[in-house]
Amino acid sequence: MIFTLLTLFPSIFESPLNESLVKKAKDKGLLSFNIINIRDFTEDIHRTCDDAPYGGGAGMVMKVEPIYQAMQQVNAHFGRPHYILLTPGGRTFDQETATRFSRRPHLGLVCGRYEGVDERVLSLVDEELSLGDYVLSGGEAAALVVIDAVARLVPGVIGNETSSIDESFKEPLLEYPQYTRPQTFMEMEVPAVLLSGNHEEIRRWRRKESIRRTILRRPDLLEHFEPTDEDRRLIREIMEEVSEA
Ligand code: SAM
């Protein structure tokens, strides 16, 4: 899978894309990155990428032409990616979107800066994406989050293929609690069932704790939850435990 990044600050990507999982996936040829400096597509001697907003107001706005020219070059050299503009005004990024993106061969992530991009950039992209209801100083941090979430869904990127199977949001449920050694830490014990070796009991416990955790922390997710008969029994047990407590 190819990620093309359009940015005014290419060096931001150097370290994050050369570490750990992403680096290994690059080395295996599963992922590749084109980092495009939008400033290389300016035509004036000052390499101007931003200008004052029409109508006045604070800050500067990224100009449309250098972004357009950068995209033209990307399209000609690498084929047109699915273009995404990172912007607080976009649809909120979630696991479903990450999964959808992971099936695309080529994503183009357009990173804004300053007060954002000229509105006409929106007509050049396929979708607008937000990380959440807060304002970052640039799209690069947002692009890195998207790359991280998408890359680990690309087949072969995670060494242990099963490790993404049970994760939070695969279903509209949070993941169950996880433990590793030591068995006792400051008098806090690992639940006995996890030491039992009984795989069926462990599976059932994990399912129940996943549902319990979602009820307690993210009840909004349950709106899209379709419980099985077993899930209904587990929910009844949780409710009984809560009322007894
Ligand atoms: N003036 C803009 C507004 O109020 O919507 C904010 C511009 S922000 C300082 C600069 C750039 O950071 C944006 O163009 C966008 O690329 C990126 N950015 C900021 N917050 C973001 C978010 N929540 N999700 C995705 N990108 C974001």
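The table below lists the values:
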| item | result |
| --- | --- |
| In Hz, Karplus ³J(HN,Hα) per residue of segment 196-206 (6.51, -1.76, 1.60; θ = phi - 60°; x = Gly, Pro) | 6, x, 8, 5, 5, 5, 5, 4, 5, 4, 5 |
| Size of charge dipole - segment 1-144 - debye, nearest 20, with Cβ of Lys, Arg +1 and Asp, Glu -1, no other charges | 660 debye |
| Using alpha-carbon coordinates, inclination of helix 229-244 to the longest axis of the chain, degrees | 70 degrees |
| Cβ-placed point charges (K, R +1; D, E -1), dipole of the chain about Cα centre in debye, nearest 20 | 660 debye |
| Prolate/oblate/rounded call for segment 168-244, Cα gyration tensor, a/c under 1.5 rounded | prolate |
| Sum of side-chain charges, GLN72 neighbourhood, beta-carbon under 11 Å (Lys, Arg +1; Asp, Glu -1) | 0 |
| Inter-site label distance for GLU171 and ARG232 at 7 Å from Cα along Cβ, in nm | 1.5 nm |
| Degrees between helix 139-151 axis and first principal axis of the chain (Cα, 0 to 90, nearest 10) | 50 degrees |
| Residues of the chain: accessible area per residue with a 1.4 Å probe, Å² | 60 Å² |
| Centre separation in Å (Cα based) which lies between segment 125-139 and segment 49-84 | 15 Å |
| Solvent-accessible area, 1.4 Å probe, carbon plus sulfur percent, for the chain | 51 percent |
| For the chain, built as a Gaussian network whose Cα springs stay under 10 Å, the top-fluctuating residue of LEU153, LEU129, LEU216 | LEU216 |
| Candidates THR214, THR48, THR184, ranked by Gaussian network fluctuation over the chain, Cα under 10 Å, top entry | THR184 |
| The chain: angle of helix 64-78 to the longest principal axis, Cα-based, in degrees nearest 10 | 70 degrees |
| Ellipsoid semi-axes in whole angstrom, largest first, where each is sqrt(5λ) of the Cα gyration tensor of the chain | 44, 21, 16 |
| Set of lysines near LYS23 by C-alpha distance (under 29 Å), chain-local residues within fewer than 8 positions excluded | LYS170 |
| Amide H contacts of GLU175 (H built 1.01 Å from N, under 5 Å, at least 5 apart or other chain) | SER168, PHE169 |
| DSSP beta bridges in the chain [antiparallel fraction, %, rounded to 5] | 15 percent |
| Candidates ARG47, ARG91, ARG113, ranked by Gaussian network fluctuation over the chain, Cα under 10 Å, top entry | ARG47 |
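The values are calculated or read from the model by the stated rules, or taken from the named source; none is laboratory data. A quick note: this is a predicted structure, and the numbers were derived from the prediction, not measured. Positions of Cβ are backbone-derived with ideal geometry, glycine not excepted, and every protein chain shown enters the neighbour counts. Ligands, DNA and RNA are stripped out before the accessible areas are found, and what is left, the full protein with its side chains, is counted by its heavy atoms. Shrake-Rupley method; radii C 1.70, N 1.55, O 1.52, S 1.80 Å.
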